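All remarks here apply to the structure that follows.
The values are calculated or read from the model by the stated rules, or taken from the named source; none is laboratory data. Fair warning: this is a prediction, and the values are worked out from it, not measured in the lab. Ligands, DNA and RNA are stripped out before the accessible areas are found, and what is left, the full protein with its side chains, is counted by its heavy atoms. Shrake-Rupley method; radii C 1.70, N 1.55, O 1.52, S 1.80 Å.
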Amino acid sequence: MRTPAAGTERAASVAGAPGQGDRRPGSGSARLRARISTSRAGLSDLVVAAIAGGLLLLAGNLVAEFTAFEWTLWAIEVILALSLVLVWGYCGIFSFGQAAVYGIGGYAYGVFALNVAERTGETLSALVVAAVAGAVFAAALGYFMFYGNLSNIYVAIVTLATALVVFAIVNSTAGSAYRIGDAVLGGYNGMTRIPRITYRLPGGDPTTLTRVQFFAVCTGVALALALALRSAGRRPFGRIAVAVRENETRSSLLGYDVRRHKLLVFTLGGAIAGLAGGFYAAWGRFMSPTVFSLKPAALVVIWVLVGGRFSVSGAFVGVLVVEGLSSWLGGPSGDRASLLVGALLIGIVLGLRGGVVPTLGRLWREGVRPSLAGAAIRGDPAGSDPSSPRVPESGPRHDRPPSTPASTHPGGEAEVWLGAGAGDEAGKTIEDGDGAPGALLEVHGVSKRFGGVTALDDVTLAFVPRQPSCIIGPNGAGKSTLFGVLTGYHGVTAGTILLNGEDITRLGPHRRARLGLGIKMQVPSVYDALAAQENLWLAAYAASGDRDAAQRWAARILARLGLCEVADLAVGALAHGQRQWLEIGMALATNPSVILLDEPTAGMTRDETERTERLIAQLARHATVVVVEHDMEFVRRLDAPISVLHMGGLFTQGTFEELSRDERVLNIYLGRGADGPTGRTDADAG
Ligand code: ADP
Ligand code: MG
């Protein structure tokens, strides 16, 4: 038997990837090629950082002490900017509160150092306290924001409002009554006499860092953090953060706990901002509540916007451009200087969309080195810089499946539809029932209301393993909503959902995905800005948690989907059919026991439709497959039990033959007088 897998591979080798006829990765879309990272990336980062650090240290030793002092502040601000690159650039959380966390870290350093440094003769512990205070503050704030499901614009408002509230509180702590141990908070006068960075070797005397040493430490920390962030962008932690940024819905449907990941990233960003605040307190030996005011909050965002939000090196450039200009023009306090700097910044932000670093990177690639292969432009007119977390490492590109492919799913389950290589073998594997076992999925009395609209009304249905099930119904019948409540994308208004007898009604989408529910949504929900292979890697990693196995698995699915030629293209550049196909592949990469396919053949060519048909037949041999379709010819050939939904309720059930003789079905679905359900009803393509 010819499997869809074998079919796809053949199609790829003979006629190119499915749906490619109209959109080959030629001239235009090839420019959307994703970056191919290699293991050398980490090494070159290290070399660049070492050279930059060496040069800066040399310069710091040569310049006047005051200049080194000013540069130190810039290095500290780079650390703060990096925290926003992590939070906003990587994970898409638009925080206006990084400066506030920085302030919390500064005050924490001050309080701890004033109380403890006298006794212990060192303030390094106060730096740790600053980072911890920043992390705890961010974690508490993040918990309420993310578990309260705030959308991004509200996150921006809440973080800014929090900063202003803290400003008001700290501002009103003037007077000697407001003290923590030996530390007088000082209210609007600020906290003074904060100790410098002091360390003490075992048995030695307390030693305070000189200004140049302090500069070296801050620069070193900034560079080390930049390296760590770049490295994180190539590791699962950073790649999942990028996935969350690009498509929260898809991430949770794959099984990633989006809220938890955002909280983790935000907390880590808080620790970095807190540490920067600690350095700042030690640098100026003074903390004032103005750090919680609007201007610093906006400045951090401006640095990152100017440098490039997705760019780690952009944090350095943004701070240097903005602070350098302010300093050169006589400090931001001068009115005319402020105006000039402001005008320049607006020019940069509007003129160099995406920031300075990505723009320079693009010029370099397009103008200076037009022949550079694998340039990093990712479906975003703003482009991106090679260090961008927008483009996480996708591992080596595979033009064909690896010669020694994993024979089992990284999650440990036997292969499902991919087979062991040749199509016939694959067929055997599936007939032998080696795939993920299907599960019994039941809904009992499920209703779903959206305000006044009753999308589902007391629906009771069961989907059994080892055969496909089909759902049809006119536009607005509630088919997609039913899938939505099955996956947890929508909560139910009433009723229960059981998976293998277990009540999953209250579980979130990621928990259900982990129990084996996979879905292809009606409108393809993929990571448009990421490469096809990165999309598949994210799906496979969600199930396996093994980076390398997921990479191999993703490469195999890519080959079977016939998408190797477009493996490194941003998915947004693919044809609709290819995106549908990719999303089905992503659902399968998680090795699900239940697969929901919402209008899988919409926008597909005849050839792709046939392949999908074979794929469904194959999947249904072991998994539970539920298909929503409008193409009646497709439904007929599926030969599956059909449930008809109408106005949110279960109208009737039966085989295709039975239903095509049922007057009532013809009435509601096709209109009286039709010969039978034999063609796609385009009017119903909702
Ligand atoms: P189908 O997939 O069968 O075409 P849907 O499940 O998409 O139908 O929609 C069923 C009904 O629920 C429609 O009336 C639709 O307008 C409504 N609906 C679906 N999703 C939402 C939503 N998120 N908010 C409000 N109404 C919705
Ligand atoms: Mg629908």
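Here are some notes:
- Atom-type composition of the exposed protein surface of the stretch 553-597 places 49 percent of the accessible area on carbon and sulfur (1.4 angstrom probe).
- Solvent exposure of the stretch 68-291 as accessible area per residue, Å², 1.4 Å probe: 38 Å²
- The portion of the accessible surface of the stretch 68-291 made up by carbon and sulfur, rounded to a whole percent, is 64 (1.4 Å probe; DNA, RNA and ligands excluded).
- Accessible surface for H510 stands near 30 Å², nearest 10, in the context of the full protein assembly shown (1.4 Å probe).
- Violating pairs (Cα-Cα greater than 23 angstrom) within the set K479/K520; K448/K520; K262/K448: K262/K448
- Additional length obtainable on full extension of the chain from Q653 to T605, 0.36 nm per residue less Cα span: 14.4 nm
- Euclidean distance of C-alpha centroids, the stretch 102-149 and the stretch 290-322, integer Å: 22 Å
- The listed residues L645, L515, L55 rank as L55, L515, L645 when sorted by accessible area, largest first, using a 1.4 Å probe.
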